[in-house]
Amino acid sequence: MAETPEVKTYSTKKDFMKKFKKKSRFMELWYRFLKNKPAVIGLILFITIVLLAICAPLIADYNEVAIKIDMGNRFNPPFTDNLLGTDEFGRDIFARIVHGARISLTIGISAITVSFLLGGALGSIAGFFGGRFDGWIMRAMDVFLCLPDMLLAIAIVAAFGVSTLNITLAIGLAFTPRMSRVVRAAVMSVRGNEYVEAARCIGARNGRIITRHVLINCVGPIIVQITLYVANAILTISALSFIGLGIEIPTPEWGNMLAEGRAAMRQYPHLVIAPGLAIFFTILSLNLLGDGLRDTLDPRLKQ
């Protein structure tokens, strides 16, 4: 009877120390991240853009302000009745930018999620098993890597039609070869570690080893690349919309806003400056955030 409290006390203390170590590790990474001023600026910028996108319906009504045509209110300059002015159809540019942010961020994140699910699965199999699996999968990915991401996305959208789902799948498939190579390299760097061999010795299945032991320890470089790929995906969405293969007018999207405003950009430069800056700051924030995460999660850069 006297041993029971000791066992409970030891168990509680062990659990407490485990949680404390996890918390200490997180706080250590967080403090290292805060020391990187560009990364903090990128995080603040990105959070601001995300909050604007989430609160877009509260900022401006979609039907009455963002897409409603008002020909008597055309080409208003910025900082008058409208914060960023109006376009050639009298639509509020700021309202269209914040509503366009919802589309760009949603498609960008969804597309990279698709590429991670497909590329992550292929890269994990190739990196973990090696041999013939690695050769077959990587040679197939090399074929797709021969084509630029933009060209591959254009081909897929042109073949299956223009829609939000098709654009998301097109961009996701275009980034799958890159993602597979990133995951493969990360898996190959940890597959020979002792904890993987220990999991094999106790009879764990390969699928469980990959998901519960290998990928968990590859999360650092994968997160960094996902952050950078989201930025590239948003840029690809804008490019597709600019050439008429993306989000269709009058739905607000930064790329088609640039395409609409280029005809009158000399007389009214605010038509292209506003959506151009929206793209610039979004890409800048994600690149700064990705660089900061790389410096924080890479143990070789620990100061």
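Taking a ≥ b ≥ c as the square roots of the eigenvalues of the Cα gyration tensor of region 113-259, is the shape rounded (a/c under 1.5), prolate (a/b larger than b/c) or oblate? Here region 113-259 falls in the prolate category. In terms of the mean number of neighbouring beta-carbon atoms within 10 Å, the peptides 45-54, 26-35, 117-126 order highest first as 117-126, 45-54, 26-35. When mean projected area of the Cα convex hull in nm² is computed from the coordinates, the matching label among (1) 17.8; (2) 14.4; (3) 22.3 is (3).
Other residues within the sphere of radius under 13 Å centred on the Cβ of Ala199, judged by their own Cβ, net out at +3 (K and R +1, D and E -1).
Over the chain, DSSP H runs of length four or greater, each weighted -39,500 (n - 2.57), average out per residue to a 222 nm ellipticity of -24500 deg cm²/dmol. Here the extension length gained between Arg208 and Arg139 equals 22.2 nm, from 0.36 nm per residue of separation less the Cα-Cα distance.
Each value in this text was obtained by applying a stated rule to the coordinates, not by laboratory testing. Here the structure is a predicted model, which is why all the values come from computation and not from measurement. Note: ideal-geometry Cβ built from the backbone for every residue, glycine included; neighbour counts use all protein chains shown.
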